[in-house]
Amino acid sequence: MKGQRSRPTIHDVARRAGVSATTVSHTFTGNGTVAARTQEIVRESAAELGYRPDPLARGLRNTRHGVIGLVIRQLHSFDSLLPTGVDYFLRFAGAAALTALEHDYALMLVPDPTGEGRSGDTSLCDGYLIADPVHGDRLTDLIRSQRIPLLTIGYEPGGPTDDALSLDNTTITLDVLDHLAERGARRIAVVLGTDENAWNIDTERAYRDWTARHGQRPIISARAESDGTAGGRNAAGELFDVADDLRPDAVYAMTGRQAAGVMEALADLGLTVPDDVLIACGSDSEHTRTSRPAITSVQLHPHLLASAAVITMINMLEHSDHPVPETDLRPTLEIRGSTARPERPTGERW
C-alpha cells in the first residue's frame with residue numbers, strides 16, 4: 001500500500017548503532033559477550049527505529065525443533081520461484097525433504113532471512129543448507145556468527161570451504177569443452193550467469209585456462225539468470241554480430257533457458273544446430289531435453305546431491321555418523337543431438 005513503511009530489520013539497527021548485525025543479535029538473544037554500554041546503544045537504536053525482536057524465536061534459540069532450513073540462492077535470481085522449464089530446484093528440494101523425513105526431520109524451504117524487509121532471525125531451524133552462496137554472502141556470515149550448523153552446497157567464493165559440499169566445477173567445464181573440441185569446434189563461446197557464485201566463477205576460470213592452452217581467444221557473454229531465454233537470445237546476438245570468420249562454432253551456456261534462447265537466435269540467423277553451431281549446457285533441464293535437437297547437457301544429479309547434503313547436516317546436528325550415500329556425485333555429460341557431429345580425426349591440430 002502506498003506510504004506503508006517496511007519493518008525495520010536487524011541490519012537497520014546495526015547501521016543506526018554503528019555495530020555489526022552479530023552484535024545486535026547477541027544483544028537480544030543473550031549469546032556471546034556484548035559490553036553493557038554497547039547493549040544500551042543497540043537497544044536505544046532499536047527503540048528509535050521501532051524494531052521488535054521476535055520473543056518466541058528468542059525463547060526457542062536453544063531448543064531443538066527437528067527442522068532443517070534450506071535457502072536456494074539462485075531462486076532469488078529468477079523472475080519467479082517456479083521458473084518455467086527449470087526442474088533442478090524442484091528435484092533438489094523434493095529429495096532433500098524426503099531424506100529429512102526419513103530421518104525424522106522436517107525440511108523448511110525458507111526465504112533469505114537477511115533479505116529486504118526481513119528480521120534476520122534464523123532461530124527456528126536447527127541448521128541450514130545454503131545452495132550456491134554468493135561472494136560476501138550476508139546470510140552465511142550471520143549463521144556462522146550465531147554458531148548455527150551450516151552446510152553450503154557449492155563453496156562460498158572468498159569464504160571458508162570446510163563447511164561446503166561442492167561439485168568439481170572445473171572438471172565439469174573441461175569435460176564439456178573437450179567434448180565440443182572432439183566434435184570439431186575451434187571457436188567455443190561461453191554464456192555465463194552474473195551471480196557471484198562458485199558455479200559461474202569456476203566455470204569462467206576453467207574456460208579461460210582451457211582456451212589459453214588451446215590458443216583460442218576467449219569469447220564470453222554474461223547474462224543475468226533472471227533474463228531466462230531472452231538472455232540467451234541476447235547473448236547469441238552479441239556473440240554472432242561479428243565477421244563470419246570470428247563467429248563461434250560452438251556455445252556452452254550455463255542454464256537450460258540460456259541454451260534454449262541461443263538456439264532460437266541461431267534459427268533466426270539461419271544457422272542450424274549442430275551443422276553450423278554446436279550447443280552444450282551446464283545444467284540439464286526441461287528446455288534441454290525438449291529442444292529440437294535436444295541439447296547436450298551436464299546432469300548434476302540434484303537428488304543425489306540433496307540426499308548427501310541432508311544426511312551430512314543431520315550428522316552435524318546429532319554428532320552422529322549416518323552413512324552418506326556412496327553413490328558417485330560427479331556430474332555426467334548427457335550427449336544429445338546438439339553436438340551430434342562426427343569426432344575430429346585423432347591428431348588433428350587446432
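The values are calculated or read from the model by the stated rules, or taken from the named source; none is laboratory data. On a predicted model such as this, the values are computed, not experimentally measured, just so you know. Every residue, glycine among them, receives a Cβ derived from its backbone with ideal geometry; neighbour counts consider all protein chains shown.
Of everything in the range 178-208, what is closer than 18 Å to residue 301 by Cβ and β-branched (Val, Ile, Thr)? Give them in sequence order.
The one that is closer than 18 Å to residue 301 by Cβ and β-branched (Val, Ile, Thr): 203.
Which one of these does residue 267 not meet: (1) at pLDDT below 95; (2) over 18 Å from residue 180 (Cα atoms)?
All conditions are met except number (1).
With the requirement that a residue be more than 22 Å from residue 195 (Cβ to Cβ) and either surrounded by 13 or more Cβ atoms within 10 Å (Cβ to Cβ) or of a type in the set (D, E, K, R) (or both), what does the range 212-236 give you? Steps first, answer last, please.
Quick first cut of the range 212-236, residues more than 22 Å from residue 195 (Cβ to Cβ) only: 212-217.
Answer for the range 212-236, where residues must be more than 22 Å from residue 195 (Cβ to Cβ) and either surrounded by 13 or more Cβ atoms within 10 Å (Cβ to Cβ) or of a type in the set (D, E, K, R) (or both): 213, 214, 216, 217.
So for the range 129-143 (the condition being of a type outside the set (A, V, I, L, M, F, W, C), touching a residue at least 24 places away in the same chain (Cβ under 8 Å) and under 21 Å from residue 304 (Cα atoms)), does at least one residue qualify?
yes
State which residue pairs qualify: first residue more than 13 Å from residue 300 (Cβ to Cβ) and inside the range 161-177, second residue in a strand (DSSP E or B) and among the small types (Gly, Ala, Ser) in any location, beta carbons under 9 Å apart, and separation of 6 or more residues or different chains.
Listed by first residue and then by second, the contacts come to 177/250; 177/280.
Among the strands (runs of 3 or more DSSP E) confined wholly to the range 139-240, which include 3 or more residues that are over 22 Å from residue 72 (Cβ atoms) and out of contact with any Ser or Thr (no Cβ under 9 Å at 6 or more places or on another chain)?
Where strands (runs of 3 or more DSSP E) fall fully within the range 139-240, none carries at least 3 residues being over 22 Å from residue 72 (Cβ atoms) and out of contact with any Ser or Thr (no Cβ under 9 Å at 6 or more places or on another chain).
Please indicate, with yes or no, whether at least one residue in the range 117-127 is touching a helix residue (DSSP H, G or I) at 6+ places or on another chain (Cβ under 8 Å), at pLDDT 90 or above, crowded, with 16+ Cβ neighbours inside 10 Å and not in a helix (DSSP H, G or I). Show your work before the answer.
Kept after step one, since they are touching a helix residue (DSSP H, G or I) at 6+ places or on another chain (Cβ under 8 Å), are these residues of the range 117-127: 119-124, 126-127.
Okay, now just the ones that are also at pLDDT 90 or above, so 126-127.
Then keep just the ones that are crowded, with 16+ Cβ neighbours inside 10 Å; that gives 126-127.
Retained after the next criterion (residues that are not in a helix (DSSP H, G or I)): 126-127.
Among the residues of the range 117-127, at least one is touching a helix residue (DSSP H, G or I) at 6+ places or on another chain (Cβ under 8 Å), at pLDDT 90 or above, crowded, with 16+ Cβ neighbours inside 10 Å and not in a helix (DSSP H, G or I), which makes the answer yes.
Considering only the range 128-138, how many residues are closer than 18 Å to residue 100 by Cβ and either aliphatic (A, V, I, L, M) or in a loop (DSSP other than H, G, I, E, B) (or both)?
Looking only at that region, the number is 3.
Here's a check for you: in the range 244-284, which residue that is touching a Cys at 6+ places or on another chain (Cβ under 9 Å) and among the hydroxyl-bearing types (Ser, Thr, Tyr) is surrounded by the most Cβ atoms within 10 Å (Cβ to Cβ)?
The residue in question is 255.
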